[in-house]
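Asker: Before anything else, here's the structure in question.
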């Protein structure tokens with residue numbers, strides 16, 4: 001049995017985008033032993049994959065932190081046992097990890113991030129407004145270089161065994177994930193509150209608010225106090241419980257953030273809001289539709305790939321130009 005090591009650290013949303021590709025790889029190559037090396041927080045995403053997928057958690061804040069920690073990580077994964085390595089990340093940490101395997105003569109393939117095309121898409125002048133390859137396509141290309149051609153067949157993961165409550169047939173459940181890491185990806189909270197207020201007044205409608213950080217949880221608690229039909233999307237099962245809840249939603253409203261990708265993994269429709277970023281950069285959720293992407297056409301958009309640049313106009317017109325009633329109308333569409 002051949003053994004393949006796949007490396008992807010980074011943020012939860014980026015890791016979530018590997019799941020459909022790895023699921024198909026494992027299903028179509030059942031004799032391939034696959035180890036996913038990633039951050040420990042992402043482990044629940046891989047627990048429902050075929051039995052030939054194994055997860056190795058990297059403790060990047062503890063045992064595997066820093067240079068010496070990286071050396072421990074390399075030894076802990078027993079790098080000498082793999083036949084080939086797929087680097088889905090291509091950063092210094094993954095480079096050092098894969099280079100040890102390469103010195104043993106193992107086959108190596110590295111992701112092409114398409115930086116040139118993304119720079120042309122996001123520059124201020126003379127943009128080249130062309131759809132870039134998606135992350136799913138880029139991951140599949142890495143595997144193809146190693147001899148594993150993968151057909152995209154993934155549909156969704158089933159976390160129903162972690163459901164704590166069941167939706168009644170006459171109820172409408174709407175998830176809202178109003179937060180993101182960077183301001184250029186966050187819809188103004190005062191406008192988002194208008195959306196929550198309007199939706200929470202509807203009969204037989206429950207609003208579930210998703211957020212992880214302490215400040216996000218504080219804001220969610222405030223909103224739930226003001227709007228009785230709104231409640232925090234928390235679960236005793238952690239991420240698996242949240243995924244189970246997402247699977248029961250009629251629709252999820254999300255920024256260009258991890259929750260868009262998490263909802264996509266359980267087959268839930270996502271209405272996504274895009275500000276400084278754009279789906280053309282290749283980060284739209286699995287099987288999501290561009291028609292469900294709410295965005296304003298501006299000559300400055302997109303201004304960055306990841307939303308980590310400050311608005312050079314200073315007014316975030318890309319987000320402020322989206323009105324609450326537009327969001328509500330889109331959510332109502334099937």
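Asker: Among the numbered conditions (1) surrounded by fewer than 17 Cβ atoms within 10 Å (Cβ to Cβ); (2) modelled with pLDDT of 95 or more; (3) within 19 Å of the chain's Cα centre (by Cα), tell me where residue 91 comes up short.
Answerer: Residue 91 satisfies every listed condition except (2).
Asker: In addition: Give the residue, chosen from 53, 96, 19, 85, that is touching a helix residue (DSSP H, G or I) at 6+ places or on another chain (Cβ under 7 Å), in contact (Cβ under 8 Å) with a residue 12 or more places away in the chain, surrounded by 16 or more Cβ atoms within 10 Å (Cβ to Cβ) and farther than 21 Å from residue 153 by Cα.
Answerer: Result: 85 is the single residue among 53, 96, 19, 85 that is touching a helix residue (DSSP H, G or I) at 6+ places or on another chain (Cβ under 7 Å), in contact (Cβ under 8 Å) with a residue 12 or more places away in the chain, surrounded by 16 or more Cβ atoms within 10 Å (Cβ to Cβ) and farther than 21 Å from residue 153 by Cα.
Asker: Additional query: State whether the residues of segment 276-283 include one that is assigned by TED's automatic domain parsing to the domain that holds residue 195 and under 24 Å from residue 207 (Cβ atoms).
Answerer: no
Asker: Would you confirm whether any residue within segment 205-212 is surrounded by fewer than 14 Cβ atoms within 10 Å (Cβ to Cβ), within 27 Å of residue 156 (Cα to Cα) and within 23 Å of the chain's Cα centre (by Cα)?
Answerer: There is no residue in segment 205-212 that is surrounded by fewer than 14 Cβ atoms within 10 Å (Cβ to Cβ), within 27 Å of residue 156 (Cα to Cα) and within 23 Å of the chain's Cα centre (by Cα).
Asker: What about residue 239, is it surrounded by 24 or more Cβ atoms within 10 Å (Cβ to Cβ), under 15 Å from the mean Cα position of the chain (by Cα), in contact (Cβ under 8 Å) with a residue 12 or more places away in the chain and under 20 Å from residue 12 (Cβ atoms)?
Answerer: Here the answer is no, as residue 239 does not meet what is asked.
Asker: Got at least one residue in segment 175-186 being in the same structural domain as residue 35 (by TED's automatic domain parsing), at pLDDT 95 or above and under 26 Å from residue 303 (Cα atoms)?
Answerer: There is no residue in segment 175-186 that is in the same structural domain as residue 35 (by TED's automatic domain parsing), at pLDDT 95 or above and under 26 Å from residue 303 (Cα atoms).
Asker: Quickly run through segment 169-191 and pick out the residues that are without any contact (Cβ under 8 Å) to a residue 24 or more places away in the chain and either surrounded by 19 or more Cβ atoms within 10 Å (Cβ to Cβ) or assigned to a loop (DSSP other than H, G, I, E, B) (or both).
Answerer: 169 - this is the single residue of segment 169-191 that is without any contact (Cβ under 8 Å) to a residue 24 or more places away in the chain and either surrounded by 19 or more Cβ atoms within 10 Å (Cβ to Cβ) or assigned to a loop (DSSP other than H, G, I, E, B) (or both).
Asker: Which one of these is in a helix (DSSP H, G or I) and in contact with a strand residue (DSSP E or B) (Cβ under 8 Å, 6 or more places away or on another chain): 252, 246?
Answerer: Step by step, each of 252, 246 is checked, and only 246 is in a helix (DSSP H, G or I) and in contact with a strand residue (DSSP E or B) (Cβ under 8 Å, 6 or more places away or on another chain).
Asker: Tell me the residue from 271, 195 that is within 15 Å of residue 172 (Cβ to Cβ), outside any loop (DSSP other than H, G, I, E, B) and within 17 Å of the chain's Cα centre (by Cα), please.
Answerer: After applying the criteria, what remains is 271.
The values are calculated or read from the model by the stated rules, or taken from the named source; none is laboratory data. A quick note: this is a predicted structure, and the numbers were derived from the prediction, not measured. As a convention, Cβ positions derive from the backbone with ideal geometry for all residues, glycine included, and neighbour counts pool all protein chains shown.
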